[in-house]
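The values are calculated or read from the model by the stated rules, or taken from the named source; none is laboratory data. Note that the structure is a prediction, hence the values are computed from the model and not measured. A quick note on method: Cβ atoms are made from the backbone with ideal geometry, for glycine too, and the neighbour counts reach across all protein chains shown. Heavy atoms of the whole protein, side chains included, go into the accessibility calculation; ligands, DNA and RNA do not. Shrake-Rupley method; radii C 1.70, N 1.55, O 1.52, S 1.80 Å.
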Amino acid sequence: MRRLLLLVPLALALAACDTDPVPEAAPAPPASAFTGDRSDVLLQGFHWRSHQHDWWDIVRANAGAIDDAGFTMVWLPPPSRSAAAEGYLPNEWRNLDASAYGTEAELKAAIDALRSRGVRAIADIVVNHRVGTTDWADFSRPAFSNNARAVTRGDEWGQGTGNPDTGDGYDAARDLDHQYGSVQREIKSWQAWLQRDIGFDGWRYDYVKGFHGWHVGDYNAASQPYFSVGELWPDITGNYYASCSGANYHRQRLMDWINQTGARSAAFDFTTKWQLMLAVQRNEYWRMGCVPGAIGWWPEMSVTFVDNHDTGPSPGGGQDHWPFPANRLEVGYAYILTHPGTPTVYWPHYFDCGSDLRGTIRSLVQIRQQQGITSTSSIQVRVAEAGRYAAEINGNTVVKIGPWDWSPGGGWTLASYGTQWAVWTR
């Protein structure tokens, strides 16, 4: 597939990796925007069952711990009234008092507590779809100029008079027509209100495969967020165990979407999660030698993660759609917290999985910040074999993951280690 946006290829040692030859340098991508300051570490500030608690109060009470851990941004769950307690079937965008997570005042108190410590709040923006206030599409707070016109033609409701959908359909709610001026105006007005009156600094766009990426770029151009990331979860087609060149189609989907936004939003790096999970499950660490995720092509626009509220577990029972192996969570964080891209830590992994994992994450975040590792730091792969992967990051940090022993040699100081991982600095 044609790669529209690539970085100059990294100098990689591709031991035992079934990859294509390193391609010639592609043209540099256009200047990106709304990706923070490149040194950010994101905390997903909730899980699938957070709505069962007084969540805004919990976030406020933990603001100090969040700051102490080194997190610079917190992604909060959808804040609006919703037909589903988790927030992903919103009906009244401007009603923050009817959220299962708490009241508008409690949300503002949580955001104020974060911002007083220099931590930015990122809102979960659900605009692909919407449900009516009491019926299929009787939208209110706000209504659109014409509610039927705001729904895409072909939606399950059967009465939408808008344009055809520009992305995948979503059966549980009405698919909004983002080509309709009233939809665009209300989303931009709502985002401006969330920034001005509530205190949000940026956006996590939900289910962006449901509408064309151009609209995310347009909404960001209007709102000028500090940070933006889209949830594009590409399907894995063909061989699930593909690697390197065989998996390029997957990260190409991420590149294509970022291109659609006009390089105005980052995307979650589902490709890195896929390949890293296979590496730790099957002792196939050689597959990481080609830096197979989105971070291998455009790290500044890539947001890495180990698990989230959809893929992983939650206290009290989560979705578990695609969980990272529970006995290798430290290895997963050793990789993403030392590598380029903007890393994300999942709330339960830091706050609910015990002191050992919390201590590992805290140590790795501190190393990342002390060593000046950013979303665009360099990678030099030292070794990539069945039982070990090692890479030098930023010229001053080395990480090894996998069960086989390995040492970077003289001149390096062991900074932190655990089961099947170690980090050295100089």
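Beta-bridge orientation, the chain: approximately 50 percent antiparallel, per DSSP, counting only bridges with both partners inside.
Neighbours of Q370 by Cβ distance under 13 Å: Lys/Arg scored +1, Asp/Glu scored -1, total +3. Stretched out straight at 0.36 nm per residue, the stretch from D356 to A221 would grow longer than its current Cα-Cα span by 44.4 nm. Computed about its Cα centre, the charge dipole of the range 44-190 is approximately 460 debye, with only Lys, Arg, Asp and Glu carrying charge at their Cβ.
In the range 351-407, taking the dipole from charged Cβ atoms about the Cα centre, the farthest positive-side position among A386, S363, G402 is held by S363. Residue farthest toward the positive end of the dipole of the chain, with Cβ of Lys/Arg at +1 and Asp/Glu at -1: which of I295, Y219, A83? Going by the charge dipole, the pick is I295.
Backbone N atoms of the range 354-373 closer than 13 Å to the 7 Å Cα→Cβ label point of T419 belong to residues 356-357. The R38 and E156 beta-carbon pair, evaluated with R₀ = 51 Å, returns a calculated FRET efficiency of approximately 0.75.
Stokes-Einstein diffusion for the chain, with the hydrodynamic radius set to the Kirkwood value over Cα pairs and evaluated at 4 °C in a medium of 1.567 mPa s, equals 59 µm²/s.
Summing Lys and Arg as +1 and Asp and Glu as -1 over all other residues whose Cβ lies under 14 Å from the Cβ of G411 gives a net charge of +1. Applying 1/(1 + (r/R0)^6) with R0 = 35 Å to the Cβ-Cβ distance of A143 and H321 gives a FRET efficiency near 0.55. Between the residues V280, S314, F351, the greatest Cα displacement towards the positive end of the dipole of the range 271-378, with unit charges on the Cβ of Lys, Arg, Asp and Glu, is found for V280. Here the spin labels are modelled as points 7 Å beyond Cα on the Cα-Cβ line, and at R185 and T103 they lie 3.3 nm apart. All distinct Cα pairs of the range 263-360 go into the 1/r average, and the inverse of that average, the Kirkwood radius, is 13.8 Å. Here the chain has 46 percent of its accessible surface on carbon and sulfur atoms, given a 1.4 Å probe and all protein chains in place.
Rolling a 1.4 Å probe across the protein heavy atoms gives the range 328-377 an accessible surface of 27 Å² per residue.
Its Cα centre serving as origin, the chain has a Cβ charge dipole (Lys and Arg +1, Asp and Glu -1) of approximately 900 debye.
In the chain, excluding the sites themselves, the longest stretch lacking any of the chymotrypsin sites (Phe, Trp or Tyr not before Pro) that are in a DSSP loop with at most 13 other Cβ atoms within 10 Å is 1-239. Residues of the range 365-394 with an amide N closer than 13 Å to a point placed 7 Å from the Cα of D68 along the Cα-to-Cβ direction: none.
In the chain, helical runs assigned H by DSSP with n ≥ 4 each contribute -39500 (n - 2.57); averaged across all residues and rounded to the nearest 500, the mean residue ellipticity at 222 nm is -7500 deg cm²/dmol. Normalised by the number of residues in the chain, the mean separation of alpha-carbon contacts (under 8 Å, six or more apart) gives a relative contact order of 18 percent. One chain, two ends: R94 and R115. Fully extended at 0.36 nm per residue, the span grows by 5.4 nm beyond their Cα-Cα distance. Solvent exposure of the range 21-145 amounts to 38 Å² per residue of accessible area, where only protein heavy atoms count and the probe is 1.4 Å.
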